[in-house]
Amino acid sequence: MKKILVGFALAMCVNGVWAYEGSPREQVAQFFTDLSSDKSAQAVDNLYSSNPVMSQKIQQLAILKTQLVAVSTIYGKIIGAENVHYEELSPSLIRIVEIARHEAHPVAWEFYFYKPHKKWIISQGLFVDQFQVIGKKK
């Protein structure tokens, strides 16, 4: 287990990973800024590096990075992002829905941020090329 954690820490240092900070809205904005600059791997690393659970999910993050490359290949470069919905589910859980505007087709993103103590961390992020995640959950 120690080897995995050390490997993850070294990989983060080598790749220049810096966890996004600030409010969930600010972190999502930083994520889409990196994603729009063709830095999808860096965007994923920076978004998820603040969550300690992610050091155990390296394979899932690698799959996500591969999927993002495929999305760009199919739908084209991201030309912008638009907020669809911001929802405070509880004082410690926030849901944000964004549309990534690609050249050929929009992609819906749904983010969940959790605040266990003083800082917001990403808990879950998913994307689909259909629009079932758009709208309120309450």
Subject >> Highest average packing first - 70-83, 27-40, Cβ atoms within 10 Å >> reply: 27-40, 70-83
Original post:
Computed over the Cα atoms of the chain, what is the convex hull's projected area averaged over all directions, in nm²?
Top reply: 8.4
Original post:
Using the Karplus equation 6.51 cos²θ - 1.76 cosθ + 1.60 (θ = phi - 60°), what ³J(HN,Hα) coupling, rounded to whole Hz, does each residue of segment 33-38 give in order, writing x for Gly and Pro?
Top reply: 4, 5, 4, 5, 8, 6
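Determine the sum of side-chain charges near residue 121: Lys and Arg each +1, Asp and Glu each -1, restricted to other residues whose C-beta is under 11 angstrom from that of residue 121.
Values: positive: 115, 118, 119; negative: 21.
Net local charge, residue 121 excluded: +2.
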Original post:
Given +1 on the Cβ of Lys and Arg, -1 on the Cβ of Asp and Glu, and no further charges, what dipole in debye does the chain carry about its Cα centre, rounded to the nearest 20?
Top reply: 520
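Which whole-number percent is the relative contact order of the chain (Cα, under 8 Å, 6+ apart)?
Details: 218 pairs, mean separation 26.6, N = 138.
This gives 19 percent for the chain.
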Subject >> Charge dipole (segment 2-128, unit charges on Cβ, about Cα centre) - positive-most of 40, 50, 29 >> reply: 50
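Where a number appears in this text, it was derived from the coordinates with a stated rule and is not lab data. Keep in mind that what you see is a predicted model, and the values were worked out from it rather than measured. All Cβ positions, glycine included, derive from the backbone under ideal geometry; neighbour counts span all protein chains shown.
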